[in-house]
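Just so it is clear, none of the values below were taken in a lab; they were calculated from the coordinates. Keep in mind that this is a model prediction, so the values were computed, not measured. Every residue, glycine among them, receives a Cβ derived from its backbone with ideal geometry; neighbour counts consider all protein chains shown.
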Amino acid sequence: MNIAVVILNWNGKDLLKKFLPSVITNSKEAQVYVADNNSTDQSVELLKSSFPQVQIIQNKSNNGYAGGYNQALKSVSEDIIILLNSDVEVTRNWLVPIMEIFQKEADVAAIQPKILDYKKKDHFEYAGAAGGYLDQFGYPYCRGRIFQKMEEDIGQYDNNHEIFWASGACFAIRNSVYQEAGGLDEDFFAHQEEIDLCWRIQNMGYHIKYAADSIVYHVGGATLSSMDPKKTYYNFRNGLFLLLKNLRSRDLLPILFGRMILDGVAAIKFLSEGKVDHFTAILKAHGSFYSSFNKIRKKRPDHFKIERYYELRSIVYQHFILKKARYNELEK
């Protein structure tokens with residue numbers, strides 16, 4: 001079983017210079033690739049001159065996270081592929097726990113490591129923490145992170161655990177399953193496309209796991225800041241795409257209706273805080289969802305194996321009303 005670490009890059013020359021050495025040093029078991037999304041900042045020239053051991057895949061255009069990886073992975077033949085953000089520092093032997101799970105558990109298709117904050121290394125990081133879940137209305141949260149509240153890592157999640165979604169910041173998957181599932185959905189462009197892929201591969205009968213002994217440090221927000229209205233737009237639009245594609249028919253209308261009401265509440269909250277750009281981003285996200293409705297609806301599978309996709313009914317209620325800020329406090 002061989003392994004590839006594939007870093008998608010777009011104008012991330014400085015990030016490559018800073019983080020690629022840790023990936024090369026600590027990934028001796030793998031072939032390291034950098035898939036460049038048509039950068040204009042001399043990233044490719046840096047790779048050729050400073051990192052000759054890295055294989056370069058040059059995409060002809062910037063098609064976002066989903067399209068960029070789909071294009072690049074056509075050139076990768078290894079059994080296991082790890083989609084790794086360019087702003088991630090990996091640690092010694094980080095690949096070993098991941099490979100052990102893949103070797104021992106044939107029904108596990110995707111794995112994420114423990115993701116800690118590069119800037120605050122004793123805390124979990126927003127993009128994945130100790131593994132992801134969804135609430136009934138499709139809002140994502142993690143062991144170790146609920147909305148903007150990140151927990152300190154004190155060993156509370158130091159066990160391998162089945163999860164619903166693995167983070168796109170460091171996403172390990174069997175190449176055969178990635179291809180069987182049709183890869184990432186390029187209509188998402190960026191944000192939550194890994195959740196969609198995880199939902200689809202579970203609907204194919206596979207499982208997703210968190211590898212506690214594999215540790216990486218993620219900067220986060222290197223491509224889009226959490227305060228960027230574009231991120232708000234993609235998160236709200238893609239959250240609706242996710243539900244439309246993957247919910248069972250009996251759940252679709254009531255859950256979508258509830259989600260839209262909650263999105264409306266979030267929009268009003270942004271407006272009351274003076275964040276007009278974010279309020280507008282949610283309106284645009286819903287407009288894009290309506291215009292894309294038929295296109296996304298056609299992607300629904302013929303059969304649904306997942307009976308229950310969520311752990312709890314409303315993370316919004318538990319966090320904002322009941323003031324639950326830690327995963328272990330949540331009422332399942």
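Ranked by Cβ crowding within 10 angstrom, fewest neighbours first, how are 94, 10 ordered? All intermediate terms of the calculation are to be shown ahead of the outcome.
Details: 94 25, 10 20.
Ranking 94, 10 by Cβ neighbours within 10 Å, fewest first, gives 10, 94.
Taking amide H atoms as placed 1.01 Å from N in the peptide plane, list the residues 5 or more away in sequence, or in a different chain, whose amide H sits under 5 Å from that of residue 123.
117, 153
What order do you get for 186, 152 when you list them from fewest to most C-beta neighbours inside 10 Å? Each step should come with its number before you reach the end.
On the way: 186 16, 152 11.
The order, fewest Cβ neighbours first, is 152, 186.
Given H placed 1.01 Å from N in the peptide plane, which residues other than close sequence neighbours of residue 35 have an amide H under 5 Å from its amide H?
Those lying under 5 Å, H to H, from residue 35 are 7, 8, 9, 57.
Go from 0 up to the bin containing the longest alpha carbon distance in segment 229-329, width 10 Å each, and give me the % of pairs per bin.
Pair shares across the bins are 14, 40, 35, 11, 0.
Add -39500 (n - 2.57) for each DSSP H run of 4 or more in the chain, then divide by its residues: what number comes out at 222 nm, to the nearest 500 deg cm²/dmol? Don't skip to the end; give the middle numbers.
Values: 9 runs with 123 residues, N = 332.
Here the helix-only value at 222 nm equals -12000 deg cm²/dmol.
How big, in percent, is the set of alpha carbon pairs in the chain lying more than 24 Å apart? Provide the component values of the computation, followed by the final result.
Values: 29421 of 54946 pairs.
Above the 24 Å cut-off, the chain has 54 percent of its Cα pairs.
In bins 10 Å wide, starting from 0, what share of all Cα pairs of segment 1-113 does each bin hold, as a percent?
Over segment 1-113, the share of Cα pairs per 10 Å bin runs 14, 47, 32, 7, 0 percent.
So which GluC sites (Glu not before Pro) in segment 241-332 end up in coil per DSSP with only 11 or fewer other C-beta atoms within 10 Å? Don't skip to the answer; put the middle values down first.
Values: sites: 273, 307, 311, 329, 331; in loops: 273, 307, 311, 331.
For GluC sites (Glu not before Pro) across segment 241-332 that sit outside H, G, I, E and B with at most 11 neighbouring Cβ atoms in 10 Å, the list reads 273, 307, 331.
Could you pull out every residue, at least 5 positions away or on a different chain, whose amide H is within less than 5 Å of the one on residue 209? Hs are placed 1.01 Å off N in the peptide plane, and Pro or chain starts have none.
It is 110, 111, 112, 163, by chain and number.
What's the Kirkwood radius of segment 100-196 in Å, using all Cα pairs? All intermediate terms of the calculation are to be shown ahead of the outcome.
Working: mean 1/r = 0.0700 Å⁻¹.
After inverting the mean inverse Cα-Cα distance, the result is 14.3 Å.
Hey, which lysines would be in cross-link range of residue 295, C-alpha to C-alpha under 16 Å, not counting anything within fewer than 8 residues on its own chain?
245
Which ³J(HN,Hα) values in Hz, rounded to whole numbers, follow from the phi angles of segment 5-14 under the Karplus curve 6.51 cos²θ - 1.76 cosθ + 1.60, where θ = phi - 60° and Gly and Pro get x?
9, 10, 9, 8, 10, 9, 6, x, 3, 5
Between their Cα atoms, which of 230/324; 17/230; 74/275 are more than 31 Å away from each other? Walk me through the numbers before you get to the answer.
Numbers: 230/324 28 Å; 17/230 26 Å; 74/275 41 Å.
74/275, as the Cα separations exceed 31 Å there.
Which three numbers, in whole Å and largest first, are the semi-axes of the equivalent ellipsoid of segment 173-296 derived from its Cα gyration tensor as √(5λ)?
Values: eigenvalues 147, 85, 34 Å².
Values for segment 173-296, descending: 27, 21, 13 Å.
Which whole-Hz couplings ³J(HN,Hα) result when phi for each residue of segment 16-25 is put into the Karplus expression 6.51 cos²θ - 1.76 cosθ + 1.60, θ = phi - 60°, listed in order with x for Gly and Pro?
Computed from phi, the couplings for segment 16-25 are 4, 4, 7, 9, 4, x, 5, 5, 5, 5 Hz.
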